1. Tell me the net charge near VAL216. Cut-off is 15 Å between Cβ atoms, VAL216 excluded, with +1 for each Lys or Arg and -1 for each Asp or Glu.
2. For LYS85 and SER279 in the same chain, what is the full-extension length gain: residue separation times 0.36 nm, less their Cα-Cα distance, in nm?
3. Decide, for region 182-253, between rounded, prolate and oblate: order the square roots of the alpha carbon gyration tensor eigenvalues as a ≥ b ≥ c, take rounded if a/c falls under 1.5, and otherwise choose prolate if a/b is larger than b/c, else oblate.
4. Find the percent of Cα-Cα distances in region 110-176 that exceed 20 Å, and round it to a whole number.
5. How high is the FRET efficiency between THR370 and LYS406 when r is their beta carbon distance and R₀ equals 22 Å, given to the nearest 0.05?
6. Would you order SER184, SER305, SER367 from fewest to most other beta-carbon atoms within 10 Å of each residue's own beta-carbon?
7. Any lysines with Cα under 17 Å of the LYS145 Cα? List them, leaving off those in the same chain fewer than 8 positions away.
8. For region 226-377, what does the relative contact order come out to in percent, with C-alpha contacts under 8 Å and a separation of six or more?
Amino acid sequence: MKNKIIMATILFLLVIASFMILDENEIVFDLADDIQYQFEYKSEFIEPVVKAYYQKKTFKFIRTSLDIEKVGEVNTSILGEYSIKYKAKKENNENEIVLKFLVVDTTSPNIELIENEEHFTEYGSEYIEEGYSCFDNYDGDITDKVTREVKGDKVIYSVTDSSGNTAVKEREIKYIDTTSPVISFDSPYTAIEVGESYYVGFTAYDLKDGDLTKNVTVTGEADIEKIGIYTLTYVVSDFSGNVTTVKRNVYVYKKQADPDSLNPTKKVVYLTFDDGPSSHTSRLLDILDKYNVKATFFVNGKNKSYFYNVGKAYQKGHSIGNHTYSHNYSKVYSSVDNFYSDLNYNGELIYQQTGSYTKLIRFPGGSSNTVSKKYCKGIMSTLVHSVSNNGYKYFDWNVSSGDAGKNSNRNSVYNNVINGIKKRNVSIVLQHDTKGFSVDAVEEIILWGLANGYTFLPLNLSSPTCHHGVKN
Ligand SMILES: [Zn+2]
């Protein structure tokens, strides 16, 4: 029995041994080759440990390690796909695996913002960029690729590198408000007739805080029973503490009586308007009408399309004076005859409008002009006497509005006229109704004059005159 067991064991071992001897050898690797290894750009390349064995196909535990021959390498400084071939050999057997490696850039660029503590943006103004830079680990300096967008109170910077990695950074804009609110009125001043009530419409608006009309405080008021100039003060502050103060006049006036019933001994103003009529004359007539103020128009006949205003002005009681037809210095001052032919032609045109021949004249450029020297020496000395001998009365002026000056505007006209009137008892004011801004100043000149006790009159043959003195 014991022998049988031994025999069976030996037989079994023999069978096993013969299997083992017959079992074939193969070369195997301990890594699969279907994995792709990924490395970040410029990172350290850590190679996987590859082992090869020479082993039995069935009895796998019978194996020996083999040397590996490696072909290929990976450079993490260059993006791309790499492969390394691992080869092992033993007797007639040979096997290899190929591992794949990818060197990639998945690092986002870095946007750096320059931030200045003292950098503030005025509310309502555009943010002025403080500066920024952008560096990418692969592309280097890509500041010029950064796009910026202002959204509300934020600036959003974004950039994408050549590998498709995006970076976004936000900056909060620090706003300040140093802009004062604006108080606006329906008109630059209020004019009311004595006894009338008045209402001043205004709004206050702030760029940041919006409508502040309700926050306006008004000090001062007009005595509607008493002619005068009343200054009201409007003050408003925005929520940032910016204060706006506006002073504005309310004129309480009394319409003038008709000139015939006026008999002033001093403080007389003769408003005169030269070179018209023009597109502004009709508006001027309305302003004068409102206060029953009569003025004097020294007209030129060349203004055909508006010349009907000469008749209209005359009908309303304004004086019409002759300012020659052409106002052309080279013509009217070329000879005494030429002056009269131009003057008379204009006189006829005025007659057609008014039914009356005017004897009031104003020389183009005034009697003291020197431009006439160019065309005829001494002509003004002759003319000033000649016109008087012919029954004319000529007028220069003693208050100039300066409205023919280069930088003239409505306010300078107003100030020049008021300052001129203040200095004398009788003023002959020169304005031009060909200038819209000069006409714009007329109402307030009248209001100022009425409030200060002046009487406005039209010129006539018995009016005081004013002569500059002849210079040619
Ligand atoms: Zn003129």
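No lab work stands behind these numbers, since they all come straight from the coordinates. Owing to the predicted nature of the structure, the values given are computational and were not obtained by experimental measurement. Ideal geometry is used to build each Cβ from the backbone, glycine not excepted, and the neighbour counts take in all protein chains shown.
1. Result for the neighbourhood of VAL216: -3.
2. Difference between extended and current length: 60.1 nm.
3. Prolate is the answer for region 182-253, as a/c is 1.5 or above and a/b outweighs b/c.
4. In whole percent, the share of Cα-Cα pairs in region 110-176 beyond 20 Å is 31.
5. According to the calculation, E is roughly 0.65.
6. Listed from fewest to most nearby Cβ atoms, that is SER305, SER184, SER367.
7. LYS169
8. 17
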